[in-house]
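Undergrad: Here you go, one structure.
Just so you know, all these numbers are worked out from the coordinates, no wet-lab data involved. Owing to the predicted nature of the structure, the values given are computational and were not obtained by experimental measurement. Cβ sites come from the backbone with ideal geometry, for glycine too, and all protein chains shown count toward neighbours.
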Amino acid sequence: PAETVPQAPEDPLFGLARAYKADNSPLKVDLGIGAYRDNNAKPWVLPVVKKADEILRNNPELNHEYAPIAGIESFTSKAAELMLGADSPALAERRTTSVQTISGTGAVHLGALFLAKFYKGSQTVYVSNPTWANHHQIFSNVGIKVAQYPYFNKETRGLDFEGMTAAISAAPEGSIILLHPCAHNPTGVDPTLDQWKELAVIIREKKHFPFFDCAYQGFASGDLARDAAAVRYFVEQGFELVVAQSFAKNFGLYGERAGCFHVVAAPAADATTTITRIASQLAILQRSEISNPPLYGARIASTVLNDAQLFAEWEENLKTMSGRIIDMRKALRSKLEELETPGTWNHITDQIGMFSFTGLSEPQVLKLREEYHIYMTKNGRISMAGLNTNNIDHVAQAIRKVVGE
Ligand code: LMR
């Protein structure tokens, strides 16, 4: 049977990382993967993560026993509070359940698997066009069809809200709607709170099922609560919904795979028994897939989330990251404008979060890679954290050249 297995293409994002690594030019710049870098282009271990690590190391009680199937309770309960708000009516009414996952990817997968098995509405998920490329394969792998709603307006390089709402209104009743609550990947364009409210009206009317994928809480506004406002609004409105939550970016725990999947049941007299049944099924899915989740990343996050002082320090660390990204947005835009680069560049500072969707075409992206050793995804997305005071002139000048040709 092995002979019949066709060759698959390499993952574009990890292929890009490999090509960057193999490039020996001292000029090379990595604007590919969405991972924070400091001003020296180096990965940044958050100081609060170092402290938490120290605390864990000095705890003689810790061992390497299995976590429970649903994960470390001190982690998942705080993760839920972080997303839903400590004063969430859903938490008070005990109609949520949370499962620790293999970061955000694992959370989206567990959610997709759960819906494939138990969701009685339409087995089609609507994702934004564009979205994180992995969404397509995660859902289709479990047999859920993927359709798209317009999201990005190429002219304004902002949100195509009309296109988005029209498509979500036209989707068959009971469709699954995948939403990025903040710092949209890859565009860096988010709906306003008023637009979220309009979306909630349509989603309720059409009896759609909201599936939030939140990988960048803390990166959009720099404020953890504000970045969760869309999710909290939908919960307030009494929706039944799910949330995939990643701690890769906001804790810098990429490879440690710390994340959480939350289900919120709609308010009802029997909501707690409903959620208990859901939790029992999630436990079976989790057991058959990964048995139980990994310890280290969740222990780090849990240590911080459960200590007021460390939590405050984490918020400062988040501001360091989001602040440097904002500085780089301002610098890139003003350099492109100073160089009189054809086109408008206000979208670089209008967009938020880890990414900017530059509007560069695929041939321009390839030229930047081949001639200037600047690496970004083919759709023209740049990871803003890859820019720093040492490489920004090179990047601005190279963009000026490829755009001007
Ligand atoms: C990205 O889009 O760069 C990140 O979410 C990393 C990933 O896993 O794709």
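Undergrad: What list of ³J(HN,Hα) values in whole Hz, one per residue of segment 341-352 in order, does the Karplus curve 6.51 cos²θ - 1.76 cosθ + 1.60 (θ = phi - 60°) give from phi, with Gly and Pro shown as x?
TA: Rounded to whole hertz, the list is 5, x, x, 10, 10, 4, 4, 4, 8, 6, 6, 10.
Undergrad: Name the long-range amide H neighbours of Leu46: under 5 Å, sequence gap of 5 or more, or other chain; modelled H, no Pro or chain starts.
TA: Correct list: empty.
Undergrad: Separate question: Could you pull out which residues in segment 251-281 have an amide N less than 18 Å from a spot 7 Å beyond the Cα of Arg287, following the Cα-Cβ vector?
TA: So the set is 276-281.
Undergrad: On to the next question. Once the dipole of the chain is set up with Lys and Arg at +1 and Asp and Glu at -1 on Cβ about the Cα centre, which of Ala183, Gly121, Leu13 lies farthest towards its positive end?
TA: Leu13
Undergrad: Express in nm, to one decimal, how much length is gained between Thr192 and Phe14 on full extension, taking 0.36 nm for each residue of separation and deducting their alpha carbon distance.
TA: Computed gain between Thr192 and Phe14 is 60.9 nm.
Undergrad: A follow-up question, please. Only Lys, Arg, Asp and Glu count, each charged at its Cβ (+1, +1, -1, -1), so figure out the dipole size of the chain about its Cα centre, rounded to 20 debye.
TA: It comes to approximately 400 debye.
Undergrad: Apply the a/c threshold of 1.5 to the C-alpha gyration tensor of the chain and tell me whether it is rounded, prolate or oblate.
TA: Because a/c hits 1.5 or more and a/b exceeds b/c, the chain counts as prolate.
Undergrad: I've got another one for you. Which angle between 0 and 90 degrees, to the nearest 10, do you get for helix 362-372 versus the longest principal axis of the chain when only C-alpha atoms count?
TA: Once rounded, one gets 60 degrees.
Undergrad: Can you give me the distance in nm between label points at Lys42 and Ser25, each placed 7 Å from the Cα along the Cα-to-Cβ direction?
TA: Placing both labels 7 Å along Cα→Cβ, they lie 2.5 nm apart.
Undergrad: From the Cα gyration tensor of segment 249-307, with a ≥ b ≥ c the square roots of its eigenvalues, which class applies: rounded if a/c is under 1.5, or else prolate if a/b is larger than b/c, or else oblate?
TA: Note, shape of segment 249-307 comes out oblate.
Undergrad: On to the next question. Want the number for Arg94 to Thr272: 0.36 nm per residue separation, take away the alpha-carbon distance, what's left?
TA: So the extension gain works out to 63.5 nm.
Undergrad: Still on this model: Say a paramagnetic label sat at a point 7 Å from the Cα of His64, along Cα to Cβ; which residues of segment 70-108 have their backbone N under 13 Å from it?
TA: What the label zone holds, given the 13 Å backbone N cut-off, is no residue at all.
Undergrad: Quick query: amide H of Tyr149 versus all other amide H atoms, modeled in the peptide plane; which residues come in under 5 Å with a sequence gap of 5 or more or a different chain?
TA: So Tyr149 has HN proximity to Val127, Ser128, Asn129.
Undergrad: Can you tell me which lysines have their Cα less than 20 Å from the Cα of Lys21? Leave out same-chain residues fewer than eight positions away.
TA: Partners within reach: Lys42, Lys367, Lys378.
Undergrad: Just check segment 73-306 against the gyration tensor rule for me: Cα atoms, a ≥ b ≥ c as the square roots of the eigenvalues, rounded for a/c under 1.5, and otherwise prolate or oblate depending on whether a/b exceeds b/c.
TA: The shape class here is rounded.
Undergrad: Further question: For segment 212-226, in order, what is each residue's ³J(HN,Hα) by Karplus, 6.51 cos²θ - 1.76 cosθ + 1.60 with θ = phi - 60°, in whole Hz (x at glycine and Pro)?
TA: 8, 10, 10, 9, 10, 4, x, 9, 7, 9, x, 10, 4, 5, 5
Undergrad: Turning to a different aspect of this structure: Under the Karplus relation 6.51 cos²θ - 1.76 cosθ + 1.60, θ = phi - 60°, what is the ordered set of whole-Hz ³J(HN,Hα) values for segment 83-90, x standing for Gly and Pro?
TA: The phi angles translate into 7, 8, x, 4, 9, 4, x, 5 Hz.
Undergrad: Given the rule -39500 (n - 2.57) for each run of at least 4 DSSP H residues, summed and divided by the residues of the chain, what is its mean residue ellipticity at 222 nm, to the nearest 500 deg cm²/dmol?
TA: -14000 deg cm²/dmol
Undergrad: Between helix 392-404 and the chain, what is the angle of the helix's C-alpha long axis to the longest principal axis, kept within 0 to 90° and rounded to the nearest 10?
TA: Tilt relative to the chain: about 70 degrees.
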